[in-house]
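See structure below.
Coordinate-derived values only; no laboratory data. From a predicted model like this one, the values you see are computed outputs, not experimental measurements. Glycine also receives a Cβ, built like all others from the backbone with ideal geometry; neighbour counts cover every protein chain displayed.
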Amino acid sequence: MTLAPGGKLGPYEIVSPLGRGGMGEVWRARDPRLNRDVAIKTSKAGFSGRFRTEAQAVAALNHPNVCTLFDVGPDYLVMELVEGPTLADRILLSPLPLEEALRIAKQIADGLEAAHEKGIVHRDLKPANVKIRPDGSVKVLDFGLAKAGEAAELSPDSPTLMSVPGMILGTAAYMSPEQARGNPVDKRSDIWSFGVVLFEMLTGKRLFDGTTVSDCLAAILVKEPDLTGAPQKVRRLLSRCLEQDPNKRLRWIGDWAELLDAPSGLTEPRPRGSGLYVATAVFALIAAGLGVGLYRATRPAELKPLIRFDLDLGADVSLGSPTGTDTILSPDGTRLVYVLQSKLYTRRMDQTKAVELAGTEGAFAPFFSPDGQWVAFFGGGKLKKISVAGGADCGRNQHQRGRGGSRRGSPAVRNAADRRGRHIRRLGRRPALPRNLLKYRV
Ligand SMILES: Nc1ncnc2c1ncn2[C@@H]1O[C@H](COP(=O)(O)OP(=O)(O)O)[C@@H](O)[C@H]1O
Ligand SMILES: [Mg+2]
């Protein structure tokens, strides 16, 4: 099936591509009869009569944390369109703070509970099948749909291994041991996957990983999961979700919160640092463009060893910012932010993929906050800031032509160069006209 924007599929008008997964393509489409946008997922394999019966049960599932299935065509599914990034995108930015992870976990658990009550098993719960909407609400996608087609490819990264009956289902890294063995699964298999997803949210790391699917499956079947990276508060819950024997596993997802330990036992995982200290050199470069004296006067630079490294951002990335620097490294050297086509992208140095920071259209001349948690940038005639974890940005003082800056303290962006690079200015906490600190010639 070849779809293109402007084309039609049954009564639906195809609008634009949303992505591609193990089963086929996903498109944004319009249902003109109900005047609403929907998501259409194509299946290369087509659907069996048995799948259609199961899809009816999924369509009857009506829960705020479950993406609703509207319609099943001969080789496509029509679903509620869910805006926002997937949980996989969110984890790529940084591990989630405990509170945020538990807020998301609660919504996933609520969705699972509603489905399990109706005898529906997800079978493919993974961060890529959880969407976080801009208002923070969570929707679990693809309930019970893992049976619908055939696997396009087998890799531990994104493969939704589909079912011809008896074949293993779900994505390798999140599969329960019984699923990995190709045995029948029930709701307890989803509870295992819930544990794997919660661990990954909190640590930013896959619990079971491997370079091949077989390695990954072997780790699931053989390895005693090492939960030490997760906060104490969730370890009892995780070990009950991750029991090899489904009979010993947590039986009912609705009971998950009872297994959380008191906050007193809470120890956050230590942040992962790659030990790179190139930041000093990069900051020196930025500062040179703006008046290094001010920066040094406020934050004496520690002497760190100089490290040189090559970084391949991919053939399709051509960096460029009309003014200011286009590539910055966080102060602890663990994260890169760059300007591509006037938008900011961030990539953790221990990851291979960069993620767009939403809401940064028109950005240039970015710079980090000292704690590395915020990036300030110029755009739309304003100086703005955005959390590297993807929080909303907020426009601050009017600044048409900033070249860069540095920030002291939190939360205000304090210092910024402006006006064709000839002034260094100090910004106050409240949006107000910036005060000139010093003037210099270029
Ligand atoms: N209902 C939906 N609304 C919006 N985007 C969706 C929806 N379903 C899937 N997508 C997006 O389409 C892409 C492919 O999805 P999918 O085929 O489910 O992949 P996978 O097989 O890896 O789960 C993903 O990036 C996903 O975020
Ligand atoms: Mg999916």
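Across all directions, the average projected area of the convex hull around the alpha carbons of the range 311-361 is 3.7 nm².
First measure r as the distance between the Cβ atoms of Ser342 and Asn247, then evaluate 1/(1 + (r/R0)^6) with R0 = 51 Å and state the FRET efficiency to the nearest 0.05. Plugging the Cβ-Cβ distance into 1/(1 + (r/R0)^6) gives 0.35. With only the Cα atoms considered, the range 87-259 has a convex hull volume of 110 Å³ per residue.
For q values of 0.18, 0.19, 0.32 Å⁻¹, compute log₁₀ I(q)/I(0) with the Debye formula on a Cα-only model of the range 23-63, without solvent. Debye intensities relative to I(0), on a log10 scale: -0.72, -0.80, -0.96. Remark: spin-label model distance Asp350-Leu259 equals 2.5 nm, labels positioned 7 Å along the Cα→Cβ axis.
The alpha-carbon positions of the range 8-80 define a convex hull whose volume is 98 Å³ per residue. Convex hull volume of the Cα atoms of the range 51-139, normalised per residue: 100 Å³. Starting from the Cα of Ala57, step 7 Å toward the Cβ, then list every residue of the range 112-129 with an amide N under 12 Å from that point. So the set is 115-123.
Among Lys8/Lys44; Lys126/Lys384; Lys118/Lys139; Lys205/Lys385, which pairs are too far apart, with a Cα-Cα distance over 25 Å? Flagged as over cut-off: Lys126/Lys384; Lys205/Lys385. Stretching Leu18 away from Ala45 to a fully extended chain increases their span by 7.8 nm, per 0.36 nm per residue minus the current alpha-carbon distance. Between Arg33 and Val222, the FRET efficiency estimated from the beta carbon spacing at R0 = 35 angstrom works out to 0.10. Placing a label point 7 Å from the Cα of Thr323 along the Cα-to-Cβ line, the residues of the range 347-382 whose backbone N sits under 17 Å from it are 362-367, 376-382.
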